[in-house]
Amino acid sequence: MRKIREGTVIDHIPAGRALAVLKILGISGEEGLRVAVVMNVESRKLGKKDIVKIENRHLRPEEVNKIALIAPTATINIVKDYDVVEKKRVELPSVIENILRCPNPTCITRKPREPIKPRFRVLSKNPLRLQCVYCGTILTAEDIVEQLIGG
Amino acid sequence: MSETKPDSISWLSRDVVSILDFSRSELEYLFDAATWMKRRLREGSVPRLLGGKVIALAFFEPSTRTRLSFETAAKRLGAETIGFTGEEAISVAKGENLADTIRMLDGYADAIVIRHRYEGAALYAAEVAEHPVINAGDGKQHHPTQAMLDLFTVKELFGAIDGLVYGVLGDLRYGRAASSFILALTLFKPRRVYLVSPPLLRARDEVLEKLREAGISYEETESLEEVLGELDVLYVTRIQRERFPDPSEYEKVKGSYRVTRRLLEERAKPELKVMHPLPRVDEISFDVDDTRYAAYFLQARNGVPVRMALLALIFGAWR
Ligand SMILES: Nc1ncnc2c1ncn2[C@@H]1O[C@H](COP(=O)(O)OP(=O)(O)OP(=O)(O)O)[C@@H](O)[C@H]1O
Ligand SMILES: [Mg+2]
Ligand SMILES: [Zn+2]
């Protein structure tokens, strides 16, 4: 792919997670955006990595947080006029709100018609483990990947 | 920078959601207050420390013991109570959501005691309400006031909570009293904790994690017989039949966790105390009731003075 003029490059994605990142961003290809996916390329820092380049699309903060859940090593590069004008590492917030749903069916966050947002605290970043603030249920990295990109 | 508030101030207007919301020193302060309440109850000289207060008892799930003991505690201290229980709750709410019911009660009362079948309901209620919210049981998760009266009872019986060997028996997975008791022990220094249950009903990960974090020596086992001889305290809880996919499995388990006088006389230390949050089904046979081991009736009676102490501290009425 030629260089993009305007858009986002998500670099240093753990090898094999590029499609998951696209899925999280809701990009299926049918939007008509120009997207390049590079998988399993050599990386000095990670051994192997994936890269996703999306033309004419910028990420909202909550999208960046979601990416942090499955690709904690990723960097987000904002490209303007062919140059990287801003580079930031994704960062896991200490509380994850609204992104994940609690797997416990009798958690108060699953009760219909309550104005309540699911909320998880980060127990550990590596390996990633989250805990529902309300019911205490623990989510492992696998649970999280499964839920965000599952089936 | 350490900025520790005196316990009398840190208790003021507190929500009581999980036993882990409290420090050891705050709990010890509560036990002092409960001892004082107990003496005043015995002397028949309880002052009306909560005169003019209204306490809402919102029992979305049916309850006898816990509700009555809260009601008694409130009334002994001169407070009024309002509220509902179980079936009634459905008509009170008429399809109203929990948040709206809590807002209504928050408008009427000075504190809300809540029991609900969803885990996290009490925390949610505490977020919605301005007045203090006390968790009287949220699903399978927490039952902090039960843990408070349990520890108070241990302290009364042994003079200390530290240094003892505990066995917690029964449904450690779905039983909120058992979970809260185990969590409460992480605030103290038990010598050892045995978690005795069938594999299906093992303590939840988040509870085991707290034991590990606190550096407590614990062991999970299926066999009561093997550990009984070491125990100072045996905390028995009910195993619910409906948890078992296969009824014959339940029958096996039920038999192996039956605490009888004979078993205790054969295997237990003479100082062992048997506790139970009650109601029991048949996990402790009636012939244990009049032995030196039985502590569950004392434990049940302690519900009132401990909850009196709790209410008095939250309203800043005791120091
Ligand atoms: N205009 C562009 N179109 C497409 N990809 C680009 C563009 N500019 C940079 N990139 C890609 O974005 C990523 C970051 O670019 P940069 O020039 O900052 O590389 P770097 O110095 O290796 O960064 P890092 O230190 O984050 O690894 C690289 O993968 C690069 O190939
Ligand atoms: Mg590079
Ligand atoms: Zn939950």
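Taking the stretch B:96-136, which residues are within 18 Å of residue B:18 (Cβ to Cβ) and in a loop (DSSP other than H, G, I, E, B)?
B:117, B:118, B:120, B:129, B:132
If residue A:84 satisfies every condition in (1) open to solvent by less than 20 Å² (accessible area, probe 1.4 Å); (2) within 10 Å of ligand 1 (Cβ to nearest atom) but one, which is the exception?
Condition (1) is where residue A:84 drops out.
Name every residue in the stretch A:35-70 that is crowded, with 17+ Cβ neighbours inside 10 Å, under 14 Å from the mean Cα position of the chain (by Cα) and not aliphatic (A, V, I, L, M), in order of residue number.
A:50, A:63, A:65, A:66
What's the number of the only condition in (1) open to solvent by less than 10 Å² (accessible area, probe 1.4 Å); (2) in contact with a strand residue (DSSP E or B) (Cβ under 8 Å, 6 or more places away or on another chain) that residue B:171 fails to meet?
That leaves (2) as the condition not met.
Only residues that are of a type in the set (Val, Ile, Thr) and within 13 Å of chain A (Cβ to nearest Cβ): list them for the stretch B:69-103, please. First the steps, then the outcome.
Filtering the stretch B:69-103 down to residues of a type in the set (Val, Ile, Thr) leaves B:72, B:81-82, B:85, B:90, B:92, B:101-102.
Those that are of a type in the set (Val, Ile, Thr) and within 13 Å of chain A (Cβ to nearest Cβ): B:101, B:102.
Give me a count of the residues in the stretch B:135-157 that are touching a strand residue (DSSP E or B) at 6+ places or on another chain (Cβ under 8 Å) and not polar (S, T, N, Q).
Of the residues in the stretch B:135-157, 11 are touching a strand residue (DSSP E or B) at 6+ places or on another chain (Cβ under 8 Å) and not polar (S, T, N, Q).
Pick from the stretch A:99-143 the residues that are exposed (fewer than 15 other Cβ atoms within 10 Å of the Cβ) and of a type in the set (D, E, K, R): which of them is nearest to the other protein chains (Cβ to nearest Cβ)?
A:113
Residue B:161 versus (1) part of a loop (DSSP other than H, G, I, E, B); (2) surrounded by fewer than 16 Cβ atoms within 10 Å (Cβ to Cβ): which is the lone unmet condition?
Going through (1) part of a loop (DSSP other than H, G, I, E, B); (2) surrounded by fewer than 16 Cβ atoms within 10 Å (Cβ to Cβ) one by one, residue B:161 breaks only (2).
Quick check on the stretch A:81-98: of everything there that is more than 16 Å from ligand 2 (Cβ to nearest atom) and outside any strand (DSSP E or B), which residue is nearest to residue B:125 (Cα to Cα)?
The selected residue is A:98.
Matching residues to (1) surrounded by fewer than 15 Cβ atoms within 10 Å (Cβ to Cβ); (2) of a type in the set (A, V, I, L, M, F, W, C):
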site: B:51; (1), (2): yes, no
site: B:55; (1), (2): no, yes
site: B:58; (1), (2): no, yes
site: B:67; (1), (2): no, no
site: B:73; (1), (2): no, yes
site: B:92; (1), (2): no, yes
site: B:95; (1), (2): yes, no
site: B:99; (1), (2): no, yes
site: B:105; (1), (2): no, yes
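Say whether the condition of being within 14 Å of chain A (Cβ to nearest Cβ) and over 18 Å from residue B:230 (Cβ atoms) is met by at least one residue in the stretch B:191-199. Give the steps one after another, and end with the answer.
Here is the first cut: in the stretch B:191-199, the residues within 14 Å of chain A (Cβ to nearest Cβ) are none.
The answer is no, given that none of the residues of the stretch B:191-199 is within 14 Å of chain A (Cβ to nearest Cβ) and over 18 Å from residue B:230 (Cβ atoms).
For the stretch B:190-198, indicate whether the set of residues that are in contact with a helix residue (DSSP H, G or I) (Cβ under 6 Å, 6 or more places away or on another chain), within 24 Å of residue B:287 (Cβ to Cβ) and open to solvent by 50 Å² or more (accessible area, probe 1.4 Å) is non-empty.
For the stretch B:190-198, residues in contact with a helix residue (DSSP H, G or I) (Cβ under 6 Å, 6 or more places away or on another chain), within 24 Å of residue B:287 (Cβ to Cβ) and open to solvent by 50 Å² or more (accessible area, probe 1.4 Å): absent.
Every residue, every condition in (1) part of a helix (DSSP H, G or I); (2) more than 16 Å from ligand 3 (Cβ to nearest atom), yes or no:
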position	(1), (2)
A:59	no, yes
A:79	no, yes
A:100	no, no
A:113	no, yes
A:142	yes, yes
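Give the residues of the stretch B:107-119 that are within 14 Å of another protein chain (Cβ to nearest Cβ) and open to solvent by 10 Å² or more (accessible area, probe 1.4 Å), sorted by residue number. Talk me through it step by step, then tell me what you get.
We begin by selecting, within the stretch B:107-119, every residue within 14 Å of another protein chain (Cβ to nearest Cβ); these are B:114-119.
Selection gives B:115, B:116, B:117, B:118.
Can you name the helices (runs of 4 or more DSSP H) wholly within the stretch B:1-94 that have at least 2 residues being at pLDDT below 95, within 22 Å of the chain's Cα centre (by Cα) and closer than 26 Å to residue B:151 by Cα?
Details: elements: B:7-10, B:24-43, B:65-76, B:87-93.
Qualifying helices (runs of 4 or more DSSP H): B:7-10.
The values are calculated or read from the model by the stated rules, or taken from the named source; none is laboratory data. Everything numeric in this text was worked out from a predicted model, so none of it was measured. All Cβ positions, glycine included, derive from the backbone under ideal geometry; neighbour counts span all protein chains shown. For the accessible areas, the whole protein counts, side chains as well, though only heavy atoms, and no ligand, DNA or RNA atoms are used. Shrake-Rupley method; radii C 1.70, N 1.55, O 1.52, S 1.80 Å.
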